[in-house]
Amino acid sequence: MTENDTDLIRRAQADDIDAFCLLAQRYARRIHLLAFHYCRNAQDAEDLSQEVWMKAYQALRSFRSDSSFYTWLRRITINAFLNHRRSTLFRKNGQTTAVQLVQIDDEPLESRAVSPENVYTKVLFENVVDALAELTPSQRLAFLLRHYEGMTYDEIAAAMNCSSGTVKKGVSRAITKLRAKLSPDTLAPDLDTPEPLTSLASEY
Amino acid sequence: MHSCKETKERITELLLDEADSTPDTTLSAELLKCGDCRNEFATLKATLRMTKRSREQSAPTEAYWNTYHAKLRYNLVHANSTDESHRPSLVARFFNFSIPVPAPVALALMLVVALLVPTVMRADRQPTAPPPQIVQVPVEKPVIQEKVVTRVVYRERRLHARVSKRVVDEASKVEDTFAKSQKPQTEIPASFAGFKPTEEVKLTVIKGGSPK
């Protein structure tokens, strides 16, 4: 946590909304991204991330700087995800994802440069989001926290209130499902260009 | 000996654990040996790479964030004003006031209260005795009243026999006298002079009294 964060947190704890908004501007993208991949729906992701910030503001006085602000915030986010899963408001259809993505971009597709790369990444994105829809919420959350957030299995287990073995199994199944769901065509570019095994291993 | 199952598990771990960038030579050797494992490695790597790329792709534009933060600010301000308007009164806050107490302390306090309450209740049950007030009341001492009853009983038989004898004597005398005189004008009538009741009880009651 930088010094700036500390100052902002102190001001925000004294009901300074501007300071809190500055904190939100720093971390909102990461939280929103996580929420979007978890919900697979732009509107749900926005509502959920806004809810996370509101909860964080209400609970900010309890923040004791034992961990970084983002770690604390991520814990609130995970709890919000778990509660959101239990709520009846959760939208189960992942079909509107592509449409919603255009809406949140707030930019017409025509204005974007239509290049093969853009088309590829867009198709890729849709495929990945569709594949994420195949996972159970627990598997999806475990996968996102492990793969996107880089959390350890023990950290995820503590956050999700389950054993690290369960998390490990969930992540493994999630990856297998994702691989099965993603079409061979989209996987092809990587397979067509074989890399030396040692370089593959050292890359990760 | 090569085990595909073990190798595939290690591949997943290796691919996910980006922090561990040290090349796993033993794993590389295993991958060189087995085509299936090599394929597993390549496909898993491609899968994870695609998900990472899609993550970057899903970031909204700057215009979206302006609206997002404006909305967040509005929600925060609104929530703050709502909190102010719904702030409870001083009295309500006084009654709702609470202090977080550690569980052992709370337990100890509860035990003390549990022990004190019966003691206090027992003390309440015993009436508080008012200071003793001395009142002098004259009390009459009861005096045993003696009653002596004397009963005098005249024995009837001797008297009766004597009387009857005397009566018989008197009667014989009267008869003799009557026979001697043979005159009705000079006859002495029988009387009950000297007659006494055959039974007489004389009671003497001596009453006692309270001494003055």
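Taking region A:1-27 as the range and being under 30 Å from A:Glu126 (Cβ atoms), surrounded by fewer than 22 Cβ atoms within 10 Å (Cβ to Cβ) and touching a helix residue (DSSP H, G or I) at 6+ places or on another chain (Cβ under 7 Å) as the test, the residues that pass are A:Gln25, A:Tyr27. Beta carbons closer than 7 Å, at least 6 apart along the sequence or on distinct chains, pair a first residue in region A:9-35 that is within 7 Å of chain B (Cβ to nearest Cβ) and within 23 Å of A:Glu149 (Cβ to Cβ) with a second that is surrounded by fewer than 20 Cβ atoms within 10 Å (Cβ to Cβ) and among the basic types (Lys, Arg) for A:Leu33/B:Arg55.
Among residues of region B:44-64 being at the interface with chain A (Cβ under 7 Å from one of its Cβ atoms) and over 24 Å from A:Ala131 (Cβ atoms), the one that is modelled with the lowest pLDDT is B:Thr61. Within region B:79-91, does at least one residue satisfy the condition of being acidic (Asp, Glu), at pLDDT below 85 and surrounded by 10 or more Cβ atoms within 10 Å (Cβ to Cβ)? Within region B:79-91 (the criterion being acidic (Asp, Glu), at pLDDT below 85 and surrounded by 10 or more Cβ atoms within 10 Å (Cβ to Cβ)), the answer is yes, since at least one residue qualifies. Scanning region A:137-152 for residues that are surrounded by fewer than 22 Cβ atoms within 10 Å (Cβ to Cβ) and among the aromatic types (Phe, Trp, Tyr) returns a single hit, A:Tyr148.
The values are calculated or read from the model by the stated rules, or taken from the named source; none is laboratory data. The shown structure was predicted, so the numbers you read here are calculated from the model rather than taken from an experiment. So basically every Cβ, Gly included, is an ideal-geometry build from the backbone, and we count neighbours across all protein chains shown.
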